[in-house]
1. Among (1) within 14 Å of chain B (Cβ to nearest Cβ); (2) touching an Asp or Glu at 6+ places or on another chain (Cβ under 9 Å); (3) touching a residue at least 24 places away in the same chain (Cβ under 8 Å); (4) part of a strand (DSSP E or B), which single condition is A:PHE89 missing?
2. State whether one or more residues within region A:69-84 are touching a Ser or Thr at 6+ places or on another chain (Cβ under 9 Å) and within 26 Å of B:THR105 (Cα to Cα).
3. Across region B:13-48, what is the number of residues that are over 29 Å from A:GLY9 (Cα atoms) and of a type outside the set (Asp, Glu)?
4. List the residue pairs whose Cβ atoms are under 7 Å apart, where the first residue sits in region B:51-68 and is exposed (fewer than 15 other Cβ atoms within 10 Å of the Cβ), the second is at pLDDT below 90, and the two are 6 or more positions apart or on different chains.
5. Output the number of residues of region A:51-84 satisfying the condition of being surrounded by 13 or more Cβ atoms within 10 Å (Cβ to Cβ) and within 14 Å of chain B (Cβ to nearest Cβ).
6. Going residue by residue through region A:42-50, is there one that turns out to be within 11 Å of chain B (Cβ to nearest Cβ), assigned to a loop (DSSP other than H, G, I, E, B) and surrounded by fewer than 17 Cβ atoms within 10 Å (Cβ to Cβ)?
7. Just one of the numbered conditions (1) within 14 Å of chain B (Cβ to nearest Cβ); (2) touching a Gly at 6+ places or on another chain (Cβ under 9 Å) is not true of A:ASN98; which one?
8. Only residues that are over 14 Å from the mean Cα position of the chain (by Cα) and in a strand (DSSP E or B): list them for region B:100-110, please.
Amino acid sequence: GDSVTQMEGPVTLSEEAFLTINCTYTATGYPSLFWYVQYPGEGLQLLLKATKADDKGSNKGFEATYRKETTSFHLEKGSVQVSDSAVYFCALGLYNFNKFYFGSGTKLNVKP
Amino acid sequence: SQTIHQWPATLVQPVGSPLSLECTVEGTSNPNLYWYRQAAGRGLQLLFYSVGIGQISSEVPQNLSASRPQDRQFILSSKKLLLSDSGFYLCAWRVRGEQYFGPGTRLTVT
């Protein structure tokens, strides 16, 4: 069935370090892929998305490339800030379906 | 622009009491609506989704129910809360293949 697997956290980095959060998926059909961010006590915010193979989504310095050959959508940022501390969720959605599938979330802690 | 509202923001209820959480959407019509639950430190669990008035699909059998009495209103209910119902409840809606979330309701069952 359709599912998303992302790396377990927490991930702890120093400010200005490079970030990678791994995400792989299993899907029938042609999914769109998403990264959401959740700050403490808040709902989820859409961070970026990619709708087809080889698309790169980007926002606020974060990037992720839709890799169909490896069924992956890894999140990267070249230089993290303390304000990036949050929980990050990878997700897939199938347009003609009514469901979205979320990974279990990866908590990122950035230390000054 | 589209906006999604949830209330209350926080709620503390005793075991065995009823529950009603409300979600409303502005700025769109006939949205797909979703209820998720997030237990402490865990991922999102899809509880219900609705593609229209009176149409509810249940993903996880439990003591919760959902209703959609109006196009832009989605209600999550329980007749008797359990301790395990504690969590962060998120309403979401779908537009053009993307999902957007409300601010959530923090429920603590004591």
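1. It is condition (2) that A:PHE89 fails.
2. No, region A:69-84 contains no residue that is touching a Ser or Thr at 6+ places or on another chain (Cβ under 9 Å) and within 26 Å of B:THR105 (Cα to Cα).
3. 19
4. Cβ pairs passing all conditions: B:VAL51/A:ASN98; B:GLY52/B:ASN30; B:GLU59/B:LEU46; B:VAL60/B:GLN45.
5. 5
6. Yes, region A:42-50 contains a residue that is within 11 Å of chain B (Cβ to nearest Cβ), assigned to a loop (DSSP other than H, G, I, E, B) and surrounded by fewer than 17 Cβ atoms within 10 Å (Cβ to Cβ).
7. The one condition A:ASN98 does not meet is (2).
8. B:THR108, B:VAL109
The values are calculated or read from the model by the stated rules, or taken from the named source; none is laboratory data. In this text the structure is predicted, and so the values were computed from the model without any measurement. With ideal geometry, Cβ positions are generated from the backbone for all residues, glycine too; neighbour counts draw on all protein chains shown.
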